[in-house]
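Q: Below is a structure I'd like to ask you about.
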Amino acid sequence: MKTEVNDLAIFGGPPAFAEKLHVGRPNFGERERLRERFDQIIERRWFTNAGPYVKELEEKLARFLGVKHCIAMCNATIALEIAIKALGLKGEVIVPSFTFIATAHALQWQEITPVFCDIDPQTHNLDPRRVEDLITPRTTGIIGVHLWGRPCDVEALGEIARRHRLALLFDAAHAFACTYRDRMIGSFGDAEVFSFHATKFFNTFEGGAVTTDDDELAARIRLMKNFGFAGYDNVIYVGTNGKMNEVCAAMGLTSLESLDGFISVNRRNYDLYRQGLRDLPGVEVIDYDDAEKNNYQYVVLEIDEAATRLSRDELLNILWAENVVARRYFYPGCHRAEPYRTLYPDAGANLRATEELAQRVLLLPNGNAIGEPEIRGICDVVRFAIAQAEEVNLRRSKGSQTTAAEASV
Ligand code: T4K
């Protein structure tokens, strides 16, 4: 327990945790089931290319999500690229800047211009009122991101897309097992893309999927993720290699069996954070709508420096020194990363909510790698640091210590 400012690790005190606590520590299910499946893969000598585990995973995911087609892929970035190409997007596509860089890169990679749109500061998702202002004759589509698993305004975006005859794709990387108006995310828009990366609540080591109710689109995507092969020696389409392998599918099937457990651990942890940080002025833990299904994977704080008197970045430094590797997803916003900041140096002028949020957001560890003692310890550090804000700022302005952020993680 820290009682004076010198106890903070940033000022030389012992860190609150002996081991680093990461935001993205992977969840995993039954080890024995996974081993059995690995043995099966070796026995069968079928390692990739639409193997039996991939097919089983696709079927189970499609059923779980209530969607006609699920095409498993090697990761969500390739899945996004393929979905974008299969939808025939070109010219300009409207996307949020407040997202992981892959959403923008999947367009730029194909020489499509990502047109960055501001978010609604309440939901952190695309603001449909701003989307319409950005549509030009070159616009071919909209990509909404269900950030933190909280659904976009699917209805408003769908209505805009229909009226302007634009494709509508959702980056659902965070939104596996979440609902919008009681319906599973996965069958909205023309297609949706999930990430099953190790850091995601449901993971396949690396992986992703495109889901859609559109038969033709699904057939095109299946071809594209397999070099365009329609059978041995028969290439009928341009394609790439987006295939998921059997090891990843085995992990996916095993993770799927523990899904309810992952959600209840995340939910319990999320509630503990909310309790631990309750009534702390200037610190808000973002809400999930309890009327919907959520995976509670992301514990997202918004830090209002005017109230805490401690900046988000100073709090980050303090936490890192204590071995809590909190993250600033998605600082500084795609528009401030290369190549976008060079290509569109003035983009920030239209992205006020994005720029403000990027200064406030801080994510804390969740998942089945951490539990109650760690969460109580993290909340104690946050409370203590904020209570000592004045003293911390004074010392830091004298520049007596290096920052944790300067040290490598
Ligand atoms: N769209 C959105 C909205 C996304 O958020 C993402 C990915 C994508 C698309 C693209 O999906 P993928 O192509 O990746 O399927 C991480 C993830 O790498 C990335 O998948 C994720 N979003 C993003 C939000 O977070 P980084 O670069 O911040 O962190 P990373 O991968 O180094 O992991 C974070 C921490 O987790 C590490 O410091 C340590 C811990 N960790 C990580 C791995 C991989 C572990 O403890 N064990 C592990 O195996 O991007």
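Q: Please enumerate the residues belonging to the range 1-53 that are outside any helix (DSSP H, G or I), more than 20 Å from Arg396 (Cβ to Cβ) and without any contact (Cβ under 8 Å) to a residue 60 or more places away in the chain.
A: The one that is outside any helix (DSSP H, G or I), more than 20 Å from Arg396 (Cβ to Cβ) and without any contact (Cβ under 8 Å) to a residue 60 or more places away in the chain: Arg45.
Q: Same structure, new question: Can you pull out every residue in the range 79-98 that is part of a helix (DSSP H, G or I) and within 22 Å of Phe116 (Cβ to Cβ)?
A: In the first step, residues of the range 79-98 are kept if they are part of a helix (DSSP H, G or I); the result is 79-86.
Selection gives Ala79, Leu80, Glu81, Ala83, Ile84, Lys85.
Q: Being farther than 27 Å from Arg220 by Cα, within 16 Å of the ligand (Cβ to nearest atom) and of a type in the set (A, V, I, L, M), is that true of even one residue in the range 130-140?
A: no
Q: Okay, next question. List pairs: first residue in the range 60-77 and in contact (Cβ under 8 Å) with a residue 40 or more places away in the chain and in a loop (DSSP other than H, G, I, E, B), second residue away from the ligand (no atom under 16 Å from the Cβ) and among the polar types (S, T, N, Q) anywhere in the structure, Cβ distance under 6 angstrom, at least six positions apart or on different chains.
A: That search, which allows pairs on different chains as well, returns Val67/Ser187.
Q: Same structure again: Could you please give the count of residues in the range 99-122 that are closer than 19 Å to Tyr298 by Cβ and either assigned to a strand (DSSP E or B) or away from the ligand (no atom under 16 Å from the Cβ) (or both)?
A: Going residue by residue through the range 99-122, those that are closer than 19 Å to Tyr298 by Cβ are 99-103, 119-122.
Next, only the ones that are either assigned to a strand (DSSP E or B) or away from the ligand (no atom under 16 Å from the Cβ) (or both) stay: 119-122.
So the answer is 4.
Q: Among the residues of the range 275-328, write down those that are among the aromatic types (Phe, Trp, Tyr) and within 16 Å of the ligand (Cβ to nearest atom).
A: The answer is Tyr296, Tyr298, Trp320.
Q: Quickly run through the range 169-197 and pick out the residues that are of a type in the set (A, V, I, L, M), on the phi < 0 side of the Ramachandran plot and either within 16 Å of the ligand (Cβ to nearest atom) or assigned to a loop (DSSP other than H, G, I, E, B) (or both).
A: Leu169, Ala172, Ala173, Ala175, Ile185, Ala191, Val193
Q: Answer yes or no: is there a residue in the range 92-105 that is of a type outside the set (Val, Ile, Thr), within 29 Å of Leu364 (Cβ to Cβ) and touching a Pro at 6+ places or on another chain (Cβ under 6 Å).
A: yes
Q: Among the candidates Asp313, Asp271, which residue alone is part of a helix (DSSP H, G or I), of a type in the set (Asp, Glu) and touching a Lys or Arg at 6+ places or on another chain (Cβ under 9 Å)?
A: Details: Asp271 fails: touching a Lys or Arg at 6+ places or on another chain (Cβ under 9 Å).
Exactly one residue qualifies, and that residue is Asp313.
Q: Just give me the residues in the range 25-49 being under 30 Å from Arg222 (Cα atoms), of a type outside the set (A, V, I, L, M, F, W, C) and within 16 Å of the ligand (Cβ to nearest atom), in sequence order.
A: Listed by number, the residues that qualify are Pro26, Asn27, Gly29.
Q: Starting from the range 292-315, take each residue that is of a type in the set (Lys, Arg) and list its partners that are assigned to a strand (DSSP E or B) and surrounded by 17 or more Cβ atoms within 10 Å (Cβ to Cβ), counting only C-beta distances under 9 angstrom and pairs at least six apart or across chains.
A: The qualifying pairs are Lys293/Thr179; Lys293/Met184; Arg312/Leu301; Arg312/Glu302; Arg312/Ile303; Arg312/Val361; Arg312/Leu362.
Q: Right, here's the next one. How about the range 123-147: which of its residues are closer than 20 Å to Gln108 by Cα and in a loop (DSSP other than H, G, I, E, B)?
A: Ile135, Thr136, Pro137, Arg138
Q: Away from the ligand (no atom under 12 Å from the Cβ) and either within 19 Å of Gly242 (Cβ to Cβ) or touching a Ser or Thr at 6+ places or on another chain (Cβ under 6 Å) (or both), is that true of Asn203?
A: no
Q: How many residues are among the acidic types (Asp, Glu), assigned to a helix (DSSP H, G or I) and free of Cβ contacts under 8 Å to residues at least 40 places away in the same chain when one looks only at the range 203-247?
A: Counting residues in the range 203-247 that are among the acidic types (Asp, Glu), assigned to a helix (DSSP H, G or I) and free of Cβ contacts under 8 Å to residues at least 40 places away in the same chain gives 1.
Readers should treat all values here as calculations from the given coordinates under stated rules, not as data from a laboratory. All values reported here derive from a predicted model rather than from experimental measurement. With ideal geometry, Cβ positions are generated from the backbone for all residues, glycine too; neighbour counts draw on all protein chains shown.
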